[in-house]
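Encoded as structure tokens, the structure appears first; notes follow it.
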Amino acid sequence: MDWLNFFEPKIERKHSFGRGINANLSKDEEDLFNRSNEAFEAKEILNAYEFFFRSLENFSDSKSNENIIITKEDDKLLFELFQGTARVTGVITRENLYAEAILVKKASANVALKRLILERNYQLTYAYYFSDDEHIKLKLFLDNITMTPQKIFFPLREIALNADFDKEYTRSEFPEIALEDIAHLKSMDEEELKLKYDFIQRWIDEVNAKIATLPSNDNAAMQSFILLYLIFKIDYLIVPKYGIFQKSSKKIIEYFSDENLTVESKNEEIREYINELGEMDFEEFKTNFYDAKYTFNPSDRSTHEEIEIFINDSLAKIRWYKNNRYNQVIPTMYKYVALYLLYNYGLHPVTKALLHTLVEIQNPEFFSALGYTTLYDEQNATFSKKAIISKIEDIISPYQSRYKMLKPFGDKLNFTSLNEFSNSFYLQLKNLDFEEI
């Protein structure tokens with residue numbers, strides 16, 4: 001059951017970061033999941049579903065985010081489940097579950113979108129697209145004869161994640177087609193968006209200035225680290241949606257998958273895109289944001305061994321650049337590692353919370369502007385050592401009853417410089433022991 005985030009560490013954040021759920025799951029989550037399993041075995045189908053949905057409910061400051069709403073009737077259960085732009089509605093009887101999510105009005109869909117939707121049906125495992133008299137919808141039907149919580153989780157996750165992704169993609173690629181059923185989306189605070197817009201402008205200027213200082217020969221790999229770091233940083237800290245997210249994702253996929261292009265041409269593609277972002281005015285920028293509820297994390301859980309391998313490989317590359325005295329790229333590489341992991345891996349809640357803490361330490365000015373207590377003073381190169389050690393302990397201690405060998409490591413970190421701190425943090429992170437005894 002590693003795909004469920006049992007004992008989610010308490011997250012005290014005023015803002016969302018990254019693409020996962022930025023909230024706490026119920027403290028009774030494991031118990032609710034187990035009770036759902038028992039109710040299914042006893043053929044108490046509606047009770048079983050109710051326990052299951054309550055195990056997926058998430059909270060901010062101990063208050064429900066109402067990411068799942070259940071309505072009980074005599075012989076059925078009605079539910080709404082929210083995932084970004086998607087609102088999945090459904091009805092459950094003793095015999096089956098039916099759920100659907102609305103994409104667009106059938107009359108507004110053009111040929112290109114219809115063709116895309118037909119192709120999507122071949123890519124999905126449990127859900128599929130259809131149209132009724134009015135809308136194009138993604139739907140799901142499950143038989144409850146041999147149902148278990150595990151058998152519900154993956155189909156519901158598929159319909160929610162794909163409905164959200166396809167609505168985002170449609171808005172980006174077919175802006176003339178209006179999305180339907182998005183009344184649950186809330187606009188974001190304009191002052192916060194202006195702050196984020198100004199930071200992006202500054203970061204783009206900094207990246208262009210840093211690239212100008214690189215050695216003129218054989219600097220393609222260093223440019224890649226600097227450019228990709230900025231894309232990952234914008235995604236995790238700024239969290240844009242719609243067009244910015246779609247284009248950023250496309251640039252990352254192309255960089256890591258297209259073997260026919262040289263590194264230089266890939267870098268040029270990203271630089272052009274970054275400069276386009278820099279030229280975007282605030283009015284257009286703010287149309288790429290909304291506030292929404294989320295139920296499922298988009299990434300499947302990675303093993304800790306995979307995280308360890310990536311950290312080892314990354315630290316070896318950093319050592320090579322140090323040995324060859326390419327010092328100007330070292331700080332960026334240390335920051336790149338955390339953001340790459342947060343973007344590309346499905347992380348254990350402990351690993352995710354620890355990496356977020358590192359990102360917070362590495363980006364003090366941004367977090368200070370958002371109203372967070374500064375953990376690293378950039379001007380004086382000093383750390384809030386006690387606060388950092390305490391934060392690490394707060395993240396790890398709730399898990400120690402389950403993972404006996406999992407130990408807080410704040411007192412083992414090297415606080416002499418930000419680079420040394422980051423290096424020691426990664427060494428401790430890769431050695432975390434998640435073995436259940």
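The values are calculated or read from the model by the stated rules, or taken from the named source; none is laboratory data. Not measured: the values here are computed from a predicted model. Cβ sites come from the backbone with ideal geometry, for glycine too, and all protein chains shown count toward neighbours. Surface accessibility is based on the protein's heavy atoms, side chains included, excluding ligands, DNA and RNA. Shrake-Rupley method; radii C 1.70, N 1.55, O 1.52, S 1.80 Å.
Residue-by-condition table, conditions (1) surrounded by fewer than 20 Cβ atoms within 10 Å (Cβ to Cβ); (2) in contact with a helix residue (DSSP H, G or I) (Cβ under 9 Å, 6 or more places away or on another chain):
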| residue | (1), (2) |
| --- | --- |
| 41 | yes, yes |
| 55 | no, yes |
| 59 | yes, no |
| 65 | yes, no |
| 70 | yes, yes |
| 75 | yes, yes |
| 104 | no, yes |
| 108 | yes, no |
| 123 | yes, yes |
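Among the conditions (1) hydroxyl-bearing (Ser, Thr, Tyr); (2) free of Cβ contacts under 8 Å to residues at least 24 places away in the same chain; (3) part of a strand (DSSP E or B), residue 129 misses just one, which is (2).
Return the total of residues in region 20-39 being buried (at least 18 other Cβ atoms within 10 Å of the Cβ) and within 19 Å of residue 188 (Cα to Cα).
Adding up the residues that qualify gives 3.
So, of the residues in region 143-157 that are outside any helix (DSSP H, G or I) and surrounded by fewer than 18 Cβ atoms within 10 Å (Cβ to Cβ), which turns out to be nearest to the chain's Cα centre (by Cα)? So, considering only residues that are outside any helix (DSSP H, G or I) and surrounded by fewer than 18 Cβ atoms within 10 Å (Cβ to Cβ), the one nearest to the chain's Cα centre (by Cα) is 148. Pairs linking a residue in region 209-221 that is on the phi > 0 side of the Ramachandran plot and touching a residue at least 12 places away in the same chain (Cβ under 8 Å) to a residue that is part of a loop (DSSP other than H, G, I, E, B) and open to solvent by 80 Å² or more (accessible area, probe 1.4 Å), with Cβ atoms under 9 Å and 6 or more positions apart or on different chains, do not occur.
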